[in-house]
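Here the structure comes first, spelled out in structure tokens, and everything after it is commentary.
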Amino acid sequence: MTSPATTLPRPAEPSEAFDSADLIRVTGGTPLTGEVTVRGAKNLVPKAMVAALLGDGPSLLRNVPQISDVRIVTGLLEAHGVSVRQGEQPGDLILDPTSVGRPDHAEIAAHAGSSRIPILLCGPLLHRIGHAFIPDLGGCRIGDRPIDFHLDALRSFGAVVDKRPEGLHISAPQRLRGTKITLPYPSVGSTEQVLLTAVLAEGVTELRNAATEPEIQDLIAVLQKMGAIISVLDNRVIQITGVESLSGYKHRALPDRLEAASWACAALATGGDILVRGALQGPMMTFLNVFRRVGGAFEVEDEPGELGIRFWHPGGPLSALALETDVHPGFQTDWQQPMVVALTQAQGLSIVHETVYEKRLGFTKALIDMGAQVQLYRECLGGTPCRFGQRNFMHSAVISGPTKLHATDLVIPDLRAGFSYLIAALAAQGTSSVHGISLISRGYEDFGSKLADLGAQVEFPS
Ligand code: EPZ
């Protein structure tokens, strides 16, 4: 099936959209030292906000970071009549869906290209108003990112999908029905799509080959608080028994393990020492194993009120390794890019096989410009053959280190690559100009102040 992403006009490439104010200057050579705090996970918070649409009353979401993805989803929900306002505590968001109605299409179309979240509004909107209009999706350009699994799942529930030049019109001629779905791949978004649709569908839904990322488990916790009946069974099977109605929820978003890992890699690459407050050991176990094998040191703080993980470079050479990204509980693809920067400082040949996104190693070209030795390969190196092996994608990398990095001008292609470029610039000699930092703001709250607090020499010229 063809994705609408390939048939609808695409927004400008990130590099075309940058303006001169969208810039940070980074002078490298200083080890990052100190503390940062991570708040709610970027890959959970927007989905929990969407879940509020399913409730009969208001929801309270806590630990919400100030990132642009939250602002985008706020705009989308408001366009559908959801009231979104700050609560009493910092990070509290109150979402009231009691006045949800059919939106103005032009207002929704204005969100085209901004994020991938609009596709997740389908199930809740079909239940609430019988119709969903989805403009062209945005999100990081790390692969083709089709939405065929989403649309097949919605059709399986009984929805009708109409692809038009301006976007997708999806309707539910009658109440959606529970169904059996087997995902071709354990996709995070498609699993969330099925969960958000099945909870109010009539009867039982059985989802096979589901993704089980901690952010999905947290979304299931949100839905259960609202009154949903969801069983997570063995072997990636999730069973959802539809209910007649759901209430609002009160939930504290789980902390961002992807941001935490980014700071850990920054500590490793700069020879620093960072306590990441809020980081949890459980959802980061696979990352922690790799961090230790590379030669990083960490210490978990798990006393109530003092949760966090301290990451540091213990001195001496780092070790090269072979690494393969995978769905949870494997090594997350979002950890790959910052870790690759750290691996440029490891002794010997490291191999990284990216199996989730076919184009997520493209960011290494800039690292090569900075002096890193990275070779990309079409073959599946150092692990099991993946979906991309026979499809001509440069999805394996061999990194030879350690190499001294030098400053350069960098243009950010996607969110995690953006933070990884900051790490590379911090590990390099000289002053780098990093363009397109608004992409980093999609998922990293207040990163400029956090960097400055850690002793980084950073400057926002505008
Ligand atoms: C989520 O994207 C995250 N985004 C990504 O985070 C993350 O990298 C990814 O999951 C994997 O963990 C959000 O949560 C907003 P997928 P998602 O569906 O849900 C293919 C970051 O930097 N696929 O699990 O869009 C797809 O092309 C970002 O924080 C289809 O073929 O990812 C990919 O190869 C970037 N058809 C694979 O599945 C579909 O219909 C996994 O994608 C859907 C997906």
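So what is the accessible area of the chain per residue, in Å², with the probe set to 1.4 Å? It amounts to 38 Å² per residue over the chain.
To the nearest 20 debye, what is the magnitude of the charge dipole of the stretch 336-462 about its Cα centre, counting +1 on the Cβ of each Lys and Arg and -1 on the Cβ of each Asp and Glu? Walk me through the intermediate numbers first.
On the way: 10 positive and 10 negative charges, 88 e Å.
For the stretch 336-462, the charge dipole is close to 420 debye.
Listed peptides 245-258, 218-231 appear in the order 245-258, 218-231 once ranked by packing, highest mean of other Cβ atoms within 10 Å at the front. Taken one residue at a time, the phi angles of the stretch 81-93 give Karplus couplings (6.51, -1.76, 1.60, θ = phi - 60°) of x, 7, 8, 10, 9, 5, x, 6, 8, x, x, 7, 10 Hz. Gly and Pro are set to x. Residue separation of residue 21 and residue 243 scaled by 0.36 nm, minus their Cα-Cα distance, works out to 75.0 nm of gained length. For the chain, the 222 nm mean residue ellipticity estimated from helices alone, with every DSSP H stretch of n ≥ 4 adding -39500 (n - 2.57) and the total spread over all residues, rounds to -8000 deg cm²/dmol.
Pairs of lysine residues in the chain that meet both criteria, 8 or more places apart or on different chains and Cα atoms under 20 Å apart, total 6.
Could you give the length gained on full extension between residue 250 and residue 171, defined as 0.36 nm per residue of separation minus the Cα-Cα distance, in nm?
Details: separation 79, 0.36 × 79 = 28.44 nm, distance 2.98 nm.
Full-extension gain reported as 25.5 nm.
Charge tally for residue 251 (other residues, Cβ to Cβ under 10 Å; Lys, Arg +1; Asp, Glu -1): +3.
With +1 on the Cβ of every Lys and Arg and -1 on the Cβ of every Asp and Glu, and nothing else charged, how large is the dipole of the stretch 303-408 about its Cα centre, in debye rounded to the nearest 20? Don't skip to the answer; put the middle values down first.
Numbers: 8 positive and 9 negative charges, 79 e Å.
Here the size comes out at about 380 debye.
Please give the net charge around residue 189, taking every other residue with its beta carbon less than 14 angstrom from that of residue 189, where Lys and Arg add +1 and Asp and Glu add -1. Taking every Cβ under 14 Å from that of residue 189, the sum is -4.
Pop the C-beta distance of residue 89 and residue 459 into the FRET formula with R0 = 41 Å and round what comes out to the nearest 0.05.
Values: r = 32 Å, r/R0 = 0.79.
So the FRET efficiency works out to roughly 0.80.
Output the Kirkwood hydrodynamic radius of the stretch 404-450, Cα pairs only, in Å rounded to one decimal. It works out to 10.7 Å.
With the alpha-carbon atoms of the stretch 265-315 aligned to their principal axes, the span from lowest to highest coordinate is 30, 20, 13 Å, starting with the largest. Here the Kirkwood formula, the inverse mean of 1/r across different C-alpha pairs, assigns the stretch 366-462 a hydrodynamic radius of 15.1 Å. What number in nm² do you get for the chain if you take the convex hull of its Cα atoms and divide its surface by four? That works out to 20.2 nm², a quarter of the Cα hull's surface.
Roughly how many debye, to the nearest 20, is the charge dipole of the chain about its Cα centre, given +1 on each Lys and Arg Cβ, -1 on each Asp and Glu Cβ, and no other charges? Write out the running numbers ahead of the final one.
Details: 39 positive and 48 negative charges, 168 e Å.
The calculation lands at about 800 debye.
For the stretch 269-414, the C-alpha radius of gyration sits at 1.08 times the compact-globule guess of 2.2 N^0.38 Å, with N the residue count.
Taken along its three principal axes, the alpha carbon spread of the stretch 107-194 comes to 33, 31, 19 Å, from the longest extent down to the shortest.
Entry note: the stretch 287-350 has Rg to Rh equal to 1.01, where both radii use alpha-carbon atoms and Rh is the Kirkwood radius.
Residues of the stretch 173-204 with backbone nitrogen within less than 15 Å of a virtual label 7 Å along the Cα-to-Cβ line of residue 155, please, listed as ranges. Only 180-184 pass the distance filter.
So if R0 is 60 Å, what FRET efficiency would residue 106 and residue 449 give, r being the distance between their Cβ atoms, rounded to the nearest 0.05?
Values: r = 36 Å, r/R0 = 0.61.
Approximately 0.95, to the nearest 0.05.
Rounded to whole Å, the principal axis extents of the Cα atoms in the stretch 176-291 read 55, 33, 19, largest first. Protein heavy-atom surface of the chain, 1.4 angstrom probe: 49% of the accessible area is carbon and sulfur, with nucleic acids and ligands not counted. Stokes-Einstein diffusion for the stretch 58-165, with the hydrodynamic radius set to the Kirkwood value over Cα pairs and evaluated at 37 °C in a medium of 0.692 mPa s, equals 218 µm²/s.
Under 1.5 on a/c is rounded, so check that first for the stretch 353-409, then, if it is not, pick prolate when a/b is larger than b/c and oblate when it is not; a ≥ b ≥ c are the square roots of the alpha carbon gyration tensor eigenvalues. Don't jump to the answer; show the numbers that get you there.
Values: a/c = 3.34, a/b = 2.06, b/c = 1.63.
In terms of gyration-tensor shape, prolate.
Sort 126-135, 416-425 by the packing proxy (mean of other Cβ within 10 Å over each peptide's residues), most packed first.
The densest-packed peptide leads the list: 416-425, 126-135.
Maximal additional length on extending the residue 303-residue 392 stretch stands at 27.2 nm, based on 0.36 nm per residue less the C-alpha distance.
The values are calculated or read from the model by the stated rules, or taken from the named source; none is laboratory data. Source: prediction; values computed, not measured. Please note: Cβ atoms are built from the backbone with ideal geometry, for glycine as well, and neighbour counts cover all protein chains shown. Side chains are part of the model used for accessible areas, which takes the heavy atoms of the whole protein and leaves out ligands, DNA and RNA. Shrake-Rupley method; radii C 1.70, N 1.55, O 1.52, S 1.80 Å.
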